[in-house]
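Some notes on the structure that comes next.
The values are calculated or read from the model by the stated rules, or taken from the named source; none is laboratory data. What you are looking at is a predicted structure, and each value in this text was computed from that prediction instead of being measured. Counting neighbours? That spans all protein chains shown, and the Cβs are built from the backbone with ideal geometry, glycine included.
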Amino acid sequence: MSEATAGSGGRVQELFAESPLYAILDTAQRPELSSAEILDALLRAGVRVIQYRHKGAFRRGHFEQCCALAEQVHQSQAVFLVNDRADVAALCGADGVHLGQEDLPPEKARRLLGGNIIIG
């Protein structure tokens with residue numbers, strides 16, 4: 001893990017020791033179910049690291065949904081990550097962000113998010 005991506009990774013390692021599942025809650029999958037329903041099922045199944053993924057245009061409703069899901073995850077003592085969007089992760093109080101090749105460079109995300117946020 002580089003300095004740019006170091007952060008609160010120890011918390012994730014602890015959670016993986018309890019439950020080695022990492023779920024990606026993709027808004028394009030299972031459109032007949034709400035993201036809150038899917039998240040509830042994941043948490044009940046013991047998943048403790050959850051990534052919110054929305055690849056379409058990110059509108060206010062997606063932002064509000066992401067923030068509500070982050071709160072629900074935190075109430076369950078789990079970790080919430082946001083896919084691609086360091087800005088949304090920061091504003092929603094996410095535990096981290098997953099960055100792809102075309103996203104904000106990790107060192108810039110680190111400046112935005114601070115030292116205690118997971119960057120992967």
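Descriptive notes on the structure:
- Given (1) at pLDDT 95 or above; (2) in contact with a strand residue (DSSP E or B) (Cβ under 7 Å, 6 or more places away or on another chain), number of the condition residue 64 does not satisfy: (2)
- Screening the candidates 71, 102, 64 for the property of being under 24 Å from residue 10 (Cβ atoms) and charged (D, E, K, R) yields one hit, 71.
Quick grid of which residues meet (1) in contact with a helix residue (DSSP H, G or I) (Cβ under 7 Å, 6 or more places away or on another chain); (2) closer than 19 Å to residue 116 by Cβ; (3) in contact (Cβ under 8 Å) with a residue 12 or more places away in the chain:
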site: 37; (1), (2), (3): no, no, no
site: 41; (1), (2), (3): no, no, no
site: 45; (1), (2), (3): no, no, yes
site: 50; (1), (2), (3): yes, yes, yes
site: 60; (1), (2), (3): no, no, no
site: 67; (1), (2), (3): yes, yes, yes
site: 70; (1), (2), (3): yes, yes, yes
site: 84; (1), (2), (3): no, no, yes
site: 88; (1), (2), (3): yes, yes, yes
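- For segment 44-67, taking the residues that are in a loop (DSSP other than H, G, I, E, B) and among the basic types (Lys, Arg), the one that is surrounded by the most Cβ atoms within 10 Å (Cβ to Cβ) is identified as 48.
- None of 53, 48, 44, 110 is more than 9 Å from the chain's Cα centre (by Cα), basic (Lys, Arg) and over 20 Å from residue 10 (Cα atoms) except 44.
- Scan segment 97-119 for residues that are surrounded by fewer than 16 Cβ atoms within 10 Å (Cβ to Cβ) and within 17 Å of residue 49 (Cα to Cα) and the total you get is 1.
- Qualifying residues in segment 6-53 (those that are of a type in the set (Phe, Trp, Tyr) and under 15 Å from residue 97 (Cβ atoms)) - the one modelled with the lowest pLDDT: 22
- Total residues in segment 68-86 satisfying the condition of being part of a helix (DSSP H, G or I) and either of a type in the set (Phe, Trp, Tyr) or crowded, with 16+ Cβ neighbours inside 10 Å (or both): the figure is 5.
- Restricting 94, 36, 41, 28 to residues that are assigned to a loop (DSSP other than H, G, I, E, B), of a type in the set (A, V, I, L, M) and surrounded by fewer than 17 Cβ atoms within 10 Å (Cβ to Cβ) narrows the list to 28.
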